[in-house]
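See structure below.
The values are calculated or read from the model by the stated rules, or taken from the named source; none is laboratory data. What you are looking at is a predicted structure, and each value in this text was computed from that prediction instead of being measured. So basically every Cβ, Gly included, is an ideal-geometry build from the backbone, and we count neighbours across all protein chains shown.
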Amino acid sequence: MNRPSVLNRWDEMPQKPLFFEAARAKLLRVIAVTSGKGGVGKSNVVANLGLAWARQGLKVLLIDADLGLANLDILLGLTPKFTIKDLLSLQKTLSEVMVEGPEGLKILPASSGIPELAELDDHQRLFLLNELDHYSENLDVVLIDTGAGISRNVLFFTIAAVERIVVANNEPTSITDAYALIKILVTKYGEKRFKLLVNGLSRPQDGDLVYRALLRVTEKFLGREISLEYLGAIPHDESIAKAVLKQQPVLALFPKSLASRSFTQLARDLWKTPPPPEFGSTVKFFWRRLFHHHLKVEEMT
Ligand SMILES: Nc1ncnc2c1ncn2[C@@H]1O[C@H](COP(=O)(O)OP(=O)(O)O)[C@@H](O)[C@H]1O
Ligand SMILES: [Mg+2]
């Protein structure tokens, strides 16, 4: 069983971590942040993790792929002129649609109600592929806010990424929904590796209980070859809600808060443990994988 790293020792977290300096990523890391249930903190994880990495000099693109409840732009206090919809309808190029967030973060904003990606024709796919291929050469990491549940869009973006972070809290419904999502990803799409982040806890040790509960059911029903890695827990912290109201990531507004220090620690831990090269992505790999899997999603739903 994977043990949590140091996130349980919130008191010991350094306030001003200096990481990433030495080695800039040679591979593009592509990480989907997903959940079974909505409202568990995905968008806040994406915004703050992205900001933590950007602060360390990494080039980060956040993709808002929550096409139902697109709100990453709102969390970051941005008012984008265009969205992924304009890109997909071939009205705008990627660089026209992308907006710059705090500290150099790049965001590809979404809008609710875009046509299903399955409806893209070959021409549109090729266009999007080329746009993203071209741009991703400047990036170290892509973080995708997938939205919640098991809809086609959520699955599409989740399987396209090389790494998958499932966010849950300690409510039983969040745990069962996380399991339902993992089950589909395993049984329908053959995914085997997942990372679990537990959010919104009053007591950090409860994260361990959530992890054990989820591990127990995945091992029992999906087999022991499924890897579920525990990333740790982000505490319940009112400064997150306050920062949301101010449309800023908590890391920007309250950098010394418990939540901010946890996000920073999470960013550091994650960066120290890249996937093995065979799971990694050269710059073009992600987008090829995305479109390859796209066909799979179409076939299987
Ligand atoms: N760790 C936390 N502590 C306190 N409140 C939180 C925490 N994480 C999220 N929240 C609250 O939950 C709300 C939903 O979070 P959000 O990131 O939008 O979830 P999701 O993207 O999964 O729907 C936020 O607006 C915030 O007020
Ligand atoms: Mg969200």
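Quick one: how many residues across the stretch 54-83 are closer than 25 Å to LEU27 by Cα and either more than 11 Å from ligand 1 (Cβ to nearest atom) or among the polar types (S, T, N, Q) (or both)?
So the count comes out to 11.
Looking only at the stretch 201-226, which residues are touching a strand residue (DSSP E or B) at 6+ places or on another chain (Cβ under 8 Å), more than 16 Å from ligand 1 (Cβ to nearest atom) and touching a residue at least 40 places away in the same chain (Cβ under 8 Å)?
Passing the criteria: ASP208, TYR211, LEU214, LEU215, ILE226.
Going by what's in this entry, would VAL97 be described as closer than 26 Å to GLY36 by Cβ, more than 16 Å from ligand 1 (Cβ to nearest atom) and at pLDDT 75 or above?
no
If only one of ILE63, ILE74, ILE84 is surrounded by fewer than 18 Cβ atoms within 10 Å (Cβ to Cβ) and of a type in the set (A, V, I, L, M), which one is it?
ILE74
How many residues are surrounded by fewer than 19 Cβ atoms within 10 Å (Cβ to Cβ) and assigned to a strand (DSSP E or B) when one looks only at the stretch 159-195?
Total satisfying the criteria: 1.
State all residues of the stretch 46-71 that are within 9 Å of ligand 2 (Cβ to nearest atom) and under 24 Å from THR173 (Cβ atoms); if no residue qualifies, say none.
Hits for the stretch 46-71 are VAL46, ASP66, LEU69, ALA70, ASN71.
Within the stretch 81-98, can one find any residue that is within 16 Å of VAL46 (Cα to Cα) and within 16 Å of ligand 2 (Cβ to nearest atom)?
no
Among the residues that make up the stretch 56-66, is at least one of them more than 20 Å from ALA161 (Cβ to Cβ), in contact with a Lys or Arg (Cβ under 9 Å, 6 or more places away or on another chain), modelled with pLDDT of 85 or more and part of a loop (DSSP other than H, G, I, E, B)?
yes
Pull out all pairs, ordered by first then second residue, where Cβ-Cβ is under 8 Å, the residues are six or more apart or on different chains, the first lies in the stretch 28-53 and is closer than 11 Å to THR146 by Cβ and within 8 Å of ligand 1 (Cβ to nearest atom), and the second is of a type in the set (Lys, Arg) and in a strand (DSSP E or B).
none
Could you check the stretch 146-177 and list, in sequence order, the residues that are modelled with pLDDT of 95 or more and within 15 Å of ligand 2 (Cβ to nearest atom)?
Across the stretch 146-177, the qualifying residues are ILE165, VAL166, VAL167, ALA168, ASN169, SER174, ASP177.
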